[in-house]
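The values are calculated or read from the model by the stated rules, or taken from the named source; none is laboratory data. It should be emphasised that the depicted structure is a prediction, and the values quoted were computed from it without experimental measurement. Cβ: placed from backbone, ideal geometry, glycine included. Neighbour counts: every protein chain shown. To get the accessible areas, we keep the full protein, side chains included, count just its heavy atoms, and leave off ligands, DNA and RNA. Shrake-Rupley method; radii C 1.70, N 1.55, O 1.52, S 1.80 Å.
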Amino acid sequence: IVYRVEREGTAILSKMVAGQTIDTMGPQGNGFDISVIEAGQKALLVGGGIGVPPMVELAKELKKQGVTEIISVIGYRDGNLFLKEELEKYSQVYVATEDGSAGVKGNVMNAIQEYGLKADVIYSCGPKPMLRAVKEFGLSHEIETQISLEEKMACGIGACLACVCKSKDIDEHSHVHNKRICKDGPVFAAEEV
């Protein structure tokens with residue numbers, strides 16, 4: 001479990017010690033669909049900030065499936081390159097930092113453009129502006145793109161509609177152009193949302 005201390009709940013979590021227990025509900029929703037990529041194809045994993053940790057497990061699973069060409073582009077605010085070494089075990093890693101202290105100065109899209117990276121499938125997790133840029137890049141290059149959205153979730157089971165995002169399809173629950181990130185996601189095909 002990887003988390004960032006944000007408010008009261010994660011602050012409480014950060015004070016827990018080995019041996020303590022906590023009740024959890026999960027996993028909820030869906031994950032990245034790795035059945036869409038074949039062994040000889042190239043996967044591009046794009047993670048920003050707290051979206052980096054899911055890329056490690058995804059790279060590990062893709063490698064197990066026999067995908068040999070896995071490229072990861074990971075973005076950070078500064079030189080605190082958490083999980084970079086773990087990701088390097090499974091993929092070729094490119095780094096972007098907003099302050100320019102490591103890798104390409106800028107964001108993940110700057111690194112993708114600088115290195116001319118392309119792929120057969122893109123998997124991405126991170127902040128909304130990054131996901132919008134990755135979606136635009138993937139769709140404009142006709143690359144299958146999956147994005148994992150993050151939102152504050154109240155109920156976690158799809159009843160309260162606190163975590164909706166706009167979608168092209170009409171939601172069967174709310175009957176409007178919404179998808180519930182906790183129940184219908186968090187991973188979506190980029191063209192869906």
Can you name the condition, by its number, that A111 falls short on among (1) of a type in the set (A, V, I, L, M); (2) modelled with pLDDT of 95 or more; (3) out of contact with any Phe, Trp or Tyr (no Cβ under 6 Å at 6 or more places or on another chain); (4) surrounded by 19 or more Cβ atoms within 10 Å (Cβ to Cβ)?
-> (3)
Answer with yes or no whether Q92 is within 21 Å of V134 (Cβ to Cβ) and open to solvent by 50 Å² or more (accessible area, probe 1.4 Å).
-> yes
Failed condition for I74, given (1) under 17 Å from E150 (Cβ atoms); (2) at pLDDT below 95, with all others met?
-> (2)
Inside the stretch 119-133, the number of residues satisfying the requirement of being surrounded by 17 or more Cβ atoms within 10 Å (Cβ to Cβ) and farther than 24 Å from A39 by Cβ is 4
Pairs where the first residue, in the stretch 16-27, is touching a residue at least 12 places away in the same chain (Cβ under 8 Å) and the second is open to solvent by less than 100 Å² (accessible area, probe 1.4 Å), C-beta under 7 Å, 6+ apart | M25/G156
Is there any pair linking a residue in the stretch 60-87 that is more than 22 Å from K118 (Cβ to Cβ) to one that is open to solvent by 60 Å² or more (accessible area, probe 1.4 Å) and outside any helix (DSSP H, G or I), with Cβ under 6 Å and at least six apart or on different chains, and which?
-> R77/E98; D78/D99; D78/S101; G79/S101
The one condition in (1) part of a helix (DSSP H, G or I); (2) over 19 Å from A119 (Cα atoms); (3) of a type in the set (S, T, Y) that S101 fails to fulfil | (1)
Qualifying position, being closer than 25 Å to A59 by Cβ, of a type in the set (G, A, S) and in contact with a Pro (Cβ under 8 Å, 6 or more places away or on another chain), among S101, S140, S124, S148 | S148
Enumerate the pairs (first residue in the stretch 1-14 and surrounded by 10 or more Cβ atoms within 10 Å (Cβ to Cβ); second residue anywhere and in a loop (DSSP other than H, G, I, E, B) and at pLDDT 85 or above) with beta-carbon separation below 7 Å, excluding pairs fewer than 6 apart on the same chain, so at least 6 apart or on different chains.
-> A11/V5; S14/V5
Just one of (1) modelled with pLDDT under 90; (2) open to solvent by less than 20 Å² (accessible area, probe 1.4 Å) trips up T145, so point out which.
-> (1)
Of those in the stretch 157-193 that are buried (at least 17 other Cβ atoms within 10 Å of the Cβ) and small (G, A, S), the residue modelled with the highest pLDDT is A190
